[in-house]
Amino acid sequence: MSSTAADIPATRRRPTTSAPPVARAHVLRHAAPALLAYLAVRATVLLVLALWAHGQHHGVWPILATQWDAEWYLGIADHGYTHALGIAYDANNLAFFPLYPLLIKTVAAFTPGSAATAGLAIAVVASLAAAWGVFAVGDHLHGRRTGILLAVLWAAFPVGLVQWMGYTESLFTACAAWSLYAVLTGRWLCAATLAVLAGLTRPSGVAVAAAVTVAALLARRSPRALAAAVLAPLGWCGYFGWVGLRLGRWDGYFAVQRLWHNEWNGGSQTLRRMRDLLVSDARPHLFLVMVTMTLLACSVLYGLSVADRQPLPLLVFSGVLLLIVLGSGGVYFPRARFLLPAFPLLLPVALHLARASRRHRALVLAAAVAVSAYVSCYMVMVWPSAP
């Protein structure tokens with residue numbers, strides 16, 4: 001680890017008795033078990049979806065590539081962004097950040113398939129890059145076994161099917177995971193560049209920028225660290241500024257979010273919705289109960305992450321992401337998906353499983369994959385709205 005990375009508060013370093021660093025030529029071989037395990041989980045969920053969809057005479061392709069948010073991104077790739085704010089609810093595509101539709105447009109221009117094919121291919125490739133990055137963070141901090149388990153747990157997230165849909169979660173997680181890994185290993189400019197890309201992918205890119213900036217400012221004063229602290233927020237801020245210029249008002253992006261009824265209110269609406277679902281509703285929808293349980297579990301896991309003294313960049317990233325999701329006054333049902341990139345929250349579970357017996361580990365992982373497969377398929381086959 002570089003001397004710069006050693007100055008980041010609470011960053012765990014691998015014991016000096018551990019194996020020597022893996023040679024560059026064998027990096028992929030080192031990560032291969034994690035990637036193969038990730039693919040196995042994704043293939044299992046996809047098989048369950050195919051069987052479920054076949055039983056209902058429904059095609060899998062539209063579910064994965066062309067519905068809900070995927071339709072918005074494809075529209076941006078084909079026709080660009082709107083020039084006016086408008087007044088209709090859910091009718092302004094400026095709420096969607098530009099990197100993913102730009103990639104769709106670029107890939108579609110140089111490949112024979114449709115834009116939807118390009119979008120889904122980008123999501124799948126990005127999911128593998130994300131799984132690799134998740135593994136790299138776990139491996140760097142606690143060893144190869146923990147890294148593999150962390151990647152599998154991320155694959156088995158309750159709404160993990162989104163990783164292979166025409167959505168931005170996989171692309172965002174790939175940028176976030178590798179940015180955090182770059183911070184942990186002292187590669188400041190790489191971390192900042194990936195933070196910029198994350199900020200151009202999703203509104204929650206501000207969480208990656210915050211993690212990089214805080215870590216850089218607390219590290220030893222070096223030109224690269226200070227440059228990273230300045231550069232990291234430029235992706236999110238750049239899109240915010242561009243939307244303002246396009247709409248002719250400084251608060252243009254926030255006006256768009258208000259149009260989508262998505263304002264931050266400190267969590268009062270989230271708590272009210274949880275209370276209604278768990279206490280007041282006589283027959284709450286199963287998917288909304290799952291969303292609520294995911295939010296509660298992630299909150300507990302963040303407390304365990306703090307108690308476990310996770311490296312500061314990971315705590316900042318997960319904490320800001322949780323703050324955004326729990327404090328939002330917007331729609332409730334996609335919030336489990338919004339927390340999909342928060343893979344550091346799974347580190348306490350991965351560490352526990354790494355120390356557990358093989359039998360216990362197999363049972364927990366099998367249960368996690370089964371729950372993920374059922375919830376993911378229920379999300380797109382039964383739940384009537386977007387994931």
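In terms of the Cα gyration tensor, with a ≥ b ≥ c the square roots of its eigenvalues, is the range 135-196 rounded because a/c is under 1.5, prolate because a/b exceeds b/c, or oblate? Oblate shape, in that a/c is at least 1.5 and b/c is the bigger or equal ratio. Peptides 302-313, 66-77 ranked from most to least packed by the mean count of surrounding Cβ atoms within 10 Å: 66-77, 302-313. Per-residue ellipticity at 222 nm from helix content only, as computed over the chain with -39500 (n - 2.57) for each DSSP H run of at least four residues, stands at -21000 deg cm²/dmol.
What's the extension gain from residue 286 to residue 300 if we count 0.36 nm per residue and subtract their Cα-Cα distance?
Numbers: separation 14, 0.36 × 14 = 5.04 nm, distance 2.11 nm.
Difference between extended and current length: 2.9 nm.
Span-like helix check, the chain: qualifying full DSSP H segments, with Cα axial length of 27 Å or more and mean Kyte-Doolittle of -1.0 or more, are 27-55, 115-142, 286-307, 358-381.
Modelled spin-label separation between residue 323 and residue 125, with each label point placed 7 Å from Cα along the Cα-to-Cβ direction: 3.5 nm.
How would you classify the range 28-381 from its alpha-carbon gyration tensor, with a ≥ b ≥ c the square roots of the eigenvalues: rounded for a/c under 1.5, else prolate if a/b is greater than b/c, otherwise oblate? Here the range 28-381 falls in the rounded category. Can you classify the range 120-254 as rounded, prolate or oblate using the Cα gyration tensor, where a ≥ b ≥ c are the square roots of its eigenvalues, rounded means a/c under 1.5, and otherwise it's prolate if a/b beats b/c and oblate if not? Because a/c hits 1.5 or more and a/b fails to exceed b/c, the range 120-254 counts as oblate.
Just so you know, all these numbers are worked out from the coordinates, no wet-lab data involved. Remember, it's a predicted structure, so these values are computed and weren't measured experimentally. Cβ sites come from the backbone with ideal geometry, for glycine too, and all protein chains shown count toward neighbours.
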